[in-house]
Amino acid sequence: WGFPNAFSESSVQNEYWYTQYRADAYHKRTGGRNLLNDILLMHRGIAGKEAERRRAINHFQEMARERNVALENSFYKSVKESFGSEAIVAVHPTWFPYPERREFKKNGLDWWAVKRDWAQTDEVVPFGIRTALAKKWNSPVWYNMYYRYSRPLGSERADDYEEELWSSALAGGRVTNLPHIGHKAVLASNFVRAETRVNLLNYIDPAPLNCPVAVVFGHASAMNWAGPAFEEVGMNLVDSLWRLGIPTDLIPTSEIDNNSLQVDKDGYICYGPQRYAAVVLYNPEFENRATATFFNQAAKGKTKLYRIGNWTMDFNANPLGGNRLLPPSLHMESSVDLVLKEIPVLLKDKNIPLQTPATRWLEGFGHLSYAPPATGFSYLLNGTLIQVSGSGNGAGDTINSRMKIGKHHVTLDAIGVAGVRLDQEGRLEALAAGGLRSIETGSFKLILGERVDLALWKNKEGAWEGLIQGWKGEIPASLLAITSNWQRLNLPEPYPEAPAPRVKKVRLAEGKSSPDVNERLTDIDGNTYQTLKAGSQVWMADNLRTGRFNDGTTIASPGANKLQWTKDRTGAYSWYQNDSATYEVGYGRLYNHYAVQSGKLCPRGWRVPNAQDWAILIDYLDGVSGQDGAKGFNPLAGGYRDGFGAYFALGRNGYWWSSTDTRNRTIWDQETKRLYIINDRNMSQSQGFCIRCIKD
């Protein structure tokens, strides 16, 4: 049929890919309607035909989903036929890695229905989707293709990848990396050592993360831009639950239609192997009656049910008292606050423990969601207690803990990661740990003279087997006392340490400008700036704040309008988070590169520095202490605005454009107090960075 990329927000309702094949299918599906006419209706709407418009969108979007599912599953079948039944199909089906309008238009958000052998996602897909897909495909772990998207390329660091590794392990996942900093920088870091420890968990029958709650969102409702809840998939609620320490799966109502969501024999709503203590039906507008049938059946069981959002129309946008079709427990609409208040109490009553709250931001593509930190604990579906500790040393920090599995205590001393599973009587069933020194649980006690990476499990015959990693000498007697059946696993050969990047850098103290700066500069709007003399150069010592070009022309300011920010080609600015009162004076404005290209951004007699100007400045500052005047440059971690209109990195990094091109930019790392130049690849000209001007 052909499917448009829908790359910009406007293309969702303004751009359509028309083929006669799709028109014929649409004509048949809708009882004779003309697709070309309905495209105009979907685009603009006609007074008095609001219901027809909503109906057309529902059918158009569902056709996209159904067709993409058919294509993807045909691909799955073809791989098996071509390469054999053991061939693996795992690559993610996502195109845009967030459940929003660009993905709706491209493939109807088909992620959950696309057949895969393992659950794999892409970049910034929220964790609640990753965990749900693991349940859908009975995948013992999920995989996510990762690179540090939220920082402009070149300012990411190896420890970003280490943090992602530990966070993912805590949520039952693994990562496949595409580092823009270069594979050498990651492979020569602590990441490899961390990964070898995390992979020990693979030997003790890993399982998906236990998520006792699910948010089931109205699939058609979320995708209908003429409806009351467009793009509302429940991410705010999912994030809020994760932040309470309640991992929550996110699932569309279309998984009811294809019988993937079921009510098991004990009366629990289940998704694959996952049973839910509570399920929230989120915005059920446009649902069909199968949804009501499902929840009426579930209401007789043991899963606590909530509803957020009303159901007033059927799939064809005809009036429907859908709320009354639902069971009495769902007649009353719940609020998000009520759900967040009641669910922790419900879990406590059911003796379901909370897990480490999600406190880490997952940033990128104009969205934020929450993920677990690099240190904490969680529980897998098979009862395994997972502990990770990687917030300090990327290779793993020491774990000294006393935790409970059910009513049984486990005390251990390890490094980086530990997975412990007990049987119903509280006896050790499986153990995996990096740098294990000791463990005690029930009658099992093990103390080692030196730390050891190991995995220990019972085989099908009930006998112990073990694996010891990176151990060169004789296997310790205390381990041989458990079993003589030990395998050895070598550590990877150390990758040659990556050479230090050839960037000029200087350690500076962020703060007020030094008192010995030279002249003061005034822009066309009357803003004044201190300046810094650096050898033969004279620089602004503050970020630019003007709202006009030096010829008096007003610079566009799209503000919170992400679409206008993305589309601007004449030059635009914004304040961080569109908050001028808080950020303008201290941090200046963020300008896109089109404003730089105008040649009129700086006051007359000044210009935007080129790459060579920046190199000379950093050369001059290299090795100069703050007391010698280097802090007069006053670098600030003012963050940036990305090409999709979202804001990131305030307090962490500062970014300045070069007039040379978008490859060359200067970065301030607040944590390491380093100022350096990057020229790895071209950035989007729609990125918003700070500006410093240099005197001609």
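Just give me the residues in the stretch 644-662 being of a type outside the set (S, T, N, Q) and in a loop (DSSP other than H, G, I, E, B), in sequence order.
Within the stretch 644-662, F644, G645, A646, G651, R652, D661 qualify.
Being among the aliphatic types (A, V, I, L, M), in a helix (DSSP H, G or I) and at pLDDT below 95 is true for just one of V12, V91. Which residue is that?
Within the list V12, V91, the selection yields V12.
If the requirement is being under 30 Å from W361 (Cα atoms), modelled with pLDDT under 90 and crowded, with 20+ Cβ neighbours inside 10 Å, which of these qualifies: G688, G645?
Within the list G688, G645, the selection yields G645.
Name the pairs whose Cβ atoms lie under 9 Å apart, with the first residue in the stretch 632-643 and within 11 Å of K673 (Cα to Cα) and assigned to a loop (DSSP other than H, G, I, E, B), the second open to solvent by 10 Å² or more (accessible area, probe 1.4 Å) and among the basic types (K, R), and 6 or more positions between them or separate chains?
Close Cβ pairs (under 9 Å, with a partner that is open to solvent by 10 Å² or more (accessible area, probe 1.4 Å) and among the basic types (K, R)) amount to P635/K673; A637/R652.
So, in the stretch 21-37, how many residues would count as being more than 15 Å from E62 (Cα to Cα) and either hydrophobic (A, V, I, L, M, F, W, C) or under 38 Å from the mean Cα position of the chain (by Cα) (or both)?
The total comes to 2.
Taking the stretch 100-152, which residues are polar (S, T, N, Q) and farther than 20 Å from N382 by Cβ?
Answer for the stretch 100-152, where residues must be polar (S, T, N, Q) and farther than 20 Å from N382 by Cβ: N107, Q120, T121, N144, S150.
Just need a number here: residues in the stretch 533-560 that are in a loop (DSSP other than H, G, I, E, B) and not aromatic (F, W, Y).
18
Using beta carbons and a limit of 7 Å, which pairs, at least six apart or on different chains, have the first residue in the stretch 539-552 and within 11 Å of D525 (Cβ to Cβ) and free of Cβ contacts under 8 Å to residues at least 40 places away in the same chain and the second one open to solvent by less than 10 Å² (accessible area, probe 1.4 Å) and not hydroxyl-bearing (S, T, Y)?
R548/I555
Give R67, R130, R53 a once-over and let me know the one that is within 30 Å of Y203 (Cα to Cα), part of a helix (DSSP H, G or I) and not acidic (D, E).
Result of the check over R67, R130, R53: R130.
Among the residues of the stretch 663-686, write down those that are touching a Lys or Arg at 6+ places or on another chain (Cβ under 9 Å) and either at positive phi or assigned to a loop (DSSP other than H, G, I, E, B) (or both).
Listed by number, the residues that qualify are R663, Q670, E671, T672, K673, N679, D680, R681, N682, M683, Q685, S686.
Could you count how many residues in the stretch 229-253 are surrounded by fewer than 24 Cβ atoms within 10 Å (Cβ to Cβ) and either in contact with a Lys or Arg (Cβ under 7 Å, 6 or more places away or on another chain) or of a type in the set (K, R) (or both)?
The total comes to 2.
Could you check the stretch 257-267 and list, in sequence order, the residues that are surrounded by fewer than 24 Cβ atoms within 10 Å (Cβ to Cβ) and within 20 Å of S221 (Cα to Cα)?
Listed by number, the residues that qualify are D257, N258, N259, S260.
Here is a list: R102, R67, R130, R55. Which entry is closer than 26 Å to Y276 by Cα, among the basic types (K, R) and crowded, with 17+ Cβ neighbours inside 10 Å?
Result: R130 is the single residue among R102, R67, R130, R55 that is closer than 26 Å to Y276 by Cα, among the basic types (K, R) and crowded, with 17+ Cβ neighbours inside 10 Å.
As an exercise: evaluate W225 against (1) more than 20 Å from G301 (Cβ to Cβ); (2) surrounded by 24 or more Cβ atoms within 10 Å (Cβ to Cβ); (3) of a type in the set (F, W, Y) and give the number of the one condition it does not meet.
Of everything listed in (1) more than 20 Å from G301 (Cβ to Cβ); (2) surrounded by 24 or more Cβ atoms within 10 Å (Cβ to Cβ); (3) of a type in the set (F, W, Y), W225 misses just condition (2).
In the stretch 231-251, what residues are within 16 Å of N310 (Cα to Cα) and at pLDDT 95 or above?
Selection gives E232, V233, G234.
Just for strands (runs of 3 or more DSSP E) wholly inside the stretch 367-458: which have at least 1 residues that are crowded, with 16+ Cβ neighbours inside 10 Å, at pLDDT below 95 and under 29 Å from the mean Cα position of the chain (by Cα)?
Here the list reads 367-371.
The values are calculated or read from the model by the stated rules, or taken from the named source; none is laboratory data. In this text the structure is predicted, and so the values were computed from the model without any measurement. A quick note on method: Cβ atoms are made from the backbone with ideal geometry, for glycine too, and the neighbour counts reach across all protein chains shown. Accessible surface areas use protein heavy atoms only, side chains included; no ligands, DNA or RNA. Shrake-Rupley method; radii C 1.70, N 1.55, O 1.52, S 1.80 Å.
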